[in-house]
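Only one structure is covered here, and it is reproduced in the block below.
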Amino acid sequence: MPNRRFRLFAVLASLWLAGAAQASETLDNFFLLHHSTGRNLISEGSMRAWFAAYDAHHGTAIRFWDHDYNYIGLNNAEGENLGYYYGHETGNTDPDGLHILWTTANAARDSILNRHDVIAFKSCFPASGIASDAQLQQYRDWYLAMRDVFDQRPDKVFIVMSTPPLHRLATDLDDADRARSFASWLASPAYLQGHPNVVCFDLFDQLAHADDGSSVRNMLRYEYEESHSSSDSHPNETANAIVGPLLAAFFVEAAALIDLQTEVPGPGGAGRVAVYPNPCNPATTIEFRLDERQIVDLRIFDLHGRLVSTLAAGESLDQGLHRRTWHGRDREERPAPAGVYLCRLRTAAGTQVRPVTVVE
């Protein structure tokens, strides 16, 4: 627990940050609220190095901040620990603590919203121990209430991260199945559709064994275990080295949501694009609804703007619901490398862009 010195720093920090915050012309101030699994993703996944390389290539100036346990606190864009925390009174990033953070008036929420543009947050792996259907529903209710708050801040992008899976020695199939259900719900149109500034990085799916009916389904992958003989659920360095860059790329793509997407509602418009499952392995479905018959262009691009795949090239489509499947391949039918891509839908009403993550 933080001592009195940290509590004093929390008050001073929130006042300073609120006064120092300035509106950003571009969404380039990223923030990750996490605990130990996030710390390892950043360090072993070389996320800051990834952002530095991206900046060097694109001429951008991304500032990536992160916040650990309260007793560790805030790290600035240079990775330096600043010796204070944002004042989240519960010190808790379990779903109940996140619910309090986002749905109540508090200094931590004000500091985060005043300072940062693209805001990601996650619970740690104990939250994947969902012991009952009632607890699963409570999680959903809390995240719906948080989403209501995010809707009030369309100038920000919120990255909702699913919880990491538990080690096979630390859970059972029922709890693991419920954890998968919660993660899949967060990444689904049921949670995301109609909320353009809310996206999901499905960390659970990145780290968990497939939902394949086996005795280890929906548990931390064997090859990602720190130890095969103890129940430590922290993903190992191999996992972090793979997933960290994917999360960094996802931040960049999330930042593009507001800057790149324009949507014109009303007659002749296209309903919001949904992409699922996302991450894509090996295929994903792009779903959209047309209010009337119109010309549609649907393409996949990489982060450098290069065309990867064309799913609809000036097709005239009828009113109603439409789906296209991208099989994670380029124009030469070669598997697209793991990473983040842009799904772009153009109609007479405007353009919508959605990130699609490809995993191996």
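Which residues, taken from region 216-236, are of a type outside the set (Gly, Ala, Ser) and either surrounded by fewer than 14 Cβ atoms within 10 Å (Cβ to Cβ) or not assigned by TED's automatic domain parsing to the domain that holds Ser43 (or both)? If the condition is that a residue be of a type outside the set (Gly, Ala, Ser) and either surrounded by fewer than 14 Cβ atoms within 10 Å (Cβ to Cβ) or not assigned by TED's automatic domain parsing to the domain that holds Ser43 (or both), then Tyr222, Glu223, His228 are the ones that fit. For Val252, the conditions (1) in contact (Cβ under 8 Å) with a residue 60 or more places away in the chain; (2) surrounded by fewer than 20 Cβ atoms within 10 Å (Cβ to Cβ) are fulfilled apart from (2).
Pairs linking a residue in region 299-310 that is part of a strand (DSSP E or B) to a residue that is of a type in the set (D, E, K, R) and modelled with pLDDT under 85, with Cβ atoms under 7 Å and 6 or more positions apart or on different chains, are Val308/Asp302. Screening Ala338 with (1) free of Cβ contacts under 8 Å to residues at least 24 places away in the same chain; (2) closer than 22 Å to Ala254 by Cβ; (3) surrounded by 13 or more Cβ atoms within 10 Å (Cβ to Cβ) gives one miss only, at (1).
For every residue, the table says whether it meets (1) assigned to a loop (DSSP other than H, G, I, E, B); (2) in the same structural domain as Val157 (by TED's automatic domain parsing); (3) over 21 Å from the mean Cα position of the chain (by Cα).
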{"site": "Pro282", "(1), (2), (3)": "yes, no, no"}
{"site": "Arg289", "(1), (2), (3)": "no, no, yes"}
{"site": "Val296", "(1), (2), (3)": "no, no, yes"}
{"site": "Arg331", "(1), (2), (3)": "yes, no, yes"}
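Residues in region 196-215 that are touching a Lys or Arg at 6+ places or on another chain (Cβ under 9 Å) and buried (at least 16 other Cβ atoms within 10 Å of the Cβ): Pro196, Asn197, Val198, Val199, Phe201, Leu203, Phe204, Asp205, Leu207, Ala208, His209.
Selection over region 185-229 of residues that are within 16 Å of Thr37 (Cβ to Cβ) and in a loop (DSSP other than H, G, I, E, B) gives a count of 5. Note on region 293-325: residues that are surrounded by 15 or more Cβ atoms within 10 Å (Cβ to Cβ), more than 17 Å from Val340 (Cα to Cα) and not hydrophobic (A, V, I, L, M, F, W, C) total 4. Any residue in region 50-67 that's surrounded by 13 or more Cβ atoms within 10 Å (Cβ to Cβ) and of a type in the set (Val, Ile, Thr): show its pairings with residues that are at pLDDT 90 or above and not in a loop (DSSP other than H, G, I, E, B) at Cβ separation under 7 Å, as long as the two are six or more apart or on different chains. Within 7 Å, the pairs are Ile62/Phe30; Ile62/Phe51. Number of residues in region 310-351 that are more than 13 Å from Arg299 (Cα to Cα), at pLDDT below 90 and in contact with a Phe, Trp or Tyr (Cβ under 8 Å, 6 or more places away or on another chain) equals 1. Keeping to region 152-191, report how many residues are at pLDDT below 95 and charged (D, E, K, R). Going through region 152-191 one residue at a time, the tally reaches 3. Evaluated against (1) closer than 21 Å to Leu41 by Cα; (2) assigned to a loop (DSSP other than H, G, I, E, B); (3) out of contact with any Lys or Arg (no Cβ under 6 Å at 6 or more places or on another chain); (4) free of Cβ contacts under 8 Å to residues at least 40 places away in the same chain, Asn70 falls short on exactly one condition, (4). Among the residues of region 297-309, the ones that are on the phi > 0 side of the Ramachandran plot and modelled with pLDDT of 90 or more come to 0 in all. Might you check whether a residue that is among the aliphatic types (A, V, I, L, M), in a helix (DSSP H, G or I), under 17 Å from the mean Cα position of the chain (by Cα) and more than 20 Å from Val198 (Cβ to Cβ) occurs anywhere in region 174-184? Taking every residue of region 174-184 in turn, at least one turns out to be among the aliphatic types (A, V, I, L, M), in a helix (DSSP H, G or I), under 17 Å from the mean Cα position of the chain (by Cα) and more than 20 Å from Val198 (Cβ to Cβ).
The values are calculated or read from the model by the stated rules, or taken from the named source; none is laboratory data. Keep in mind that this is a model prediction, so the values were computed, not measured. All Cβ positions, glycine included, derive from the backbone under ideal geometry; neighbour counts span all protein chains shown.
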